[in-house]
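Asker: Got a structure for you, questions after.
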Amino acid sequence: MQKPHQEASLKILFRFVIVLVAGIVLARKANPALAALRVDARNDMLVGAVALVGFVLAWLKAPALDSWIAIGIAIYIGMPPPGA
């Protein structure tokens, strides 16, 4: 059985692959559905990374920093894409 941080790491890696592959395909041909999938995977990757950082910070006895990082990610996700 995998530990939660191992599962989160695998999910981040999988989402990273999706972002890369979608970027390659989108460079060849525009596809709104694939572009949306790429944005969603990027956001999931960021949230997963924050979860891992939170895990490490809790282990280091500094869980309050995780909240500040999460606020930054929420602002980033809520911003419109460049050129919109």
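Read-outs: derived from the displayed coordinates by stated rules, not from any lab. What you see is a predicted model; the values in this text were computed from it and never measured. Because the Cβ atoms are built from the backbone with ideal geometry, glycine has one as well, and the counts that use them run over all protein chains shown.
Asker: Among V17, A64, A27, pick out the residue whose Cα is farthest towards the positive end of the charge dipole of the chain, where Lys and Arg carry +1 and Asp and Glu carry -1 on C-beta, about the Cα centre.
Answerer: My answer, from the dipole projection, is A27.
Asker: Evaluate the charge dipole of the chain about its Cα centre and quote only its size in Debye, nearest 20, assuming +1 on the Cβ of each Lys and Arg and -1 on the Cβ of each Asp and Glu.
Answerer: Once rounded to the nearest 20, the dipole reads 240 debye.
Asker: Work through the residues other than L10 whose Cβ is under 13 Å from its Cβ and net out their charges, Lys, Arg +1 and Asp, Glu -1.
Answerer: Numbers: positive: K3, K11, R15; negative: E7, D44.
Its environment carries a net charge of +1.
Asker: According to a simple spin-label model (label point 7 Å from Cα along Cα-to-Cβ), what is the distance in nm between S67 and V39?
Answerer: 3.0 nm
Asker: OK, next. Under the Karplus relation 6.51 cos²θ - 1.76 cosθ + 1.60, θ = phi - 60°, what is the ordered set of whole-Hz ³J(HN,Hα) values for region 48-65, x standing for Gly and Pro?
Answerer: x, 5, 5, 4, 5, 4, x, 4, 5, 5, 5, 5, 8, 6, 9, x, 5, 5
Asker: Given C-alpha coordinates of region 1-40, what is the ratio Rg to Rh with the Kirkwood estimate of Rh? Provide the component values of the computation, followed by the final result.
Answerer: Values: Rg = 12.9 Å, Rh = 11.1 Å.
Using only Cα positions, Rg/Rh for region 1-40 is 1.16.
Asker: If you don't mind, another one. Tell me the mean residue ellipticity at 222 nm calculated for the chain from its helices only (DSSP H runs of n ≥ 4, each -39500 (n - 2.57), averaged over every residue, nearest 500). Write down the numbers at each step before the final one.
Answerer: Numbers: 3 runs with 68 residues, N = 84.
The helix-only estimate for the chain comes to -28500 deg cm²/dmol at 222 nm.
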